[in-house]
Amino acid sequence: MRNISSILRFSCLLLAAYSLLLLNGCAPGEKVIVAPTFNPAPEQNIVYVQPFTNSLVPESISETVFNDFVDDLNDSRLKTDVKWYYIIKEDPKDVDPAWLARQVYITGEIWSYIENAGCCSTEMRAKARLRLYEAGKKDPTLEIFIPVDSFFEHDRSTLAVERQRLAKRLASEMSAAITKALAKHN
């Protein structure tokens, strides 16, 4: 009985690893779209960040992504001319559109969060998009798409721990992409 259980577990892990390799080979990576006119010059060197929209993403993940994203941006602001990334605390519908149009600001969304759990392992995926709007421009001049995925064995970690790791990794990749884009233009 023990041999059958070991063989079943090994087969499950092998199938999961093969699936993950196949998915990673076909999965799109980070995609950055920069408008030819991209030249953010924030007033008083402040970039505003609106709370992200989330579609079917656990709150523990979306909160961690947003909070870590803003913290990471502020930690790396010396690489840019930005003095501060400030969270717009008002509900987006309550923000004066005329005021917002005069600012440099970032919006974001997280969606397509999936957990594929098997007997011995779980694969997790999510997608995120960031848009940076320059003062006086209706359309974003920078758009960044970031997919992330993760895989773990149940006997080596827990779902709660791995959700936090995925969220922190997504926040780090998002802030690094924004910092890189802003650093190029300083």
Square roots of five times the Cα gyration tensor eigenvalues for segment 41-186, Å:
31, 16, 12
Give me the percent of the accessible area of segment 38-162 that comes from carbon and sulfur atoms, probe 1.4 Å, all protein chains in place.
49 percent
Where in segment 153-186 does the label zone of residue 117 land, with the point 7 angstrom along Cα→C-beta and an amide N cut-off under 17 Å?
153-166
Under 5 Å from the placed amide H of residue 48, counting only residues 5+ away or on other chains, we find 86, 104, 105, 106
Subtracting the Cα-Cα distance of residue 33 and residue 86 from 0.36 nm times their residue separation yields 16.7 nm
Cα-based Rg of segment 79-158 per 2.2 N^0.38 Å, rounded to two decimals?
1.57
Find the relative contact order for segment 59-186 and round it to a whole percent, using C-alpha pairs within less than 8 Å whose residues are 6+ positions apart.
31 percent
Report ³J(HN,Hα) in whole Hz for each residue of segment 160-168, in order, from the Karplus equation J = 6.51 cos²θ - 1.76 cosθ + 1.60 where θ = phi - 60°; Gly and Pro get x.
4, 5, 6, 4, 5, 4, 4, 4, 5
Point-charge dipole on Cβ atoms (K/R +1, D/E -1) for segment 31-115, about Cα centre, debye to 20:
420 debye
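The values are calculated or read from the model by the stated rules, or taken from the named source; none is laboratory data. Here the structure is a predicted model, which means the values were calculated and not measured. No Cβ is skipped: glycine too gets one built from the backbone with ideal geometry, and neighbour counts run over all protein chains shown. Side chains are part of the model used for accessible areas, which takes the heavy atoms of the whole protein and leaves out ligands, DNA and RNA. Shrake-Rupley method; radii C 1.70, N 1.55, O 1.52, S 1.80 Å.
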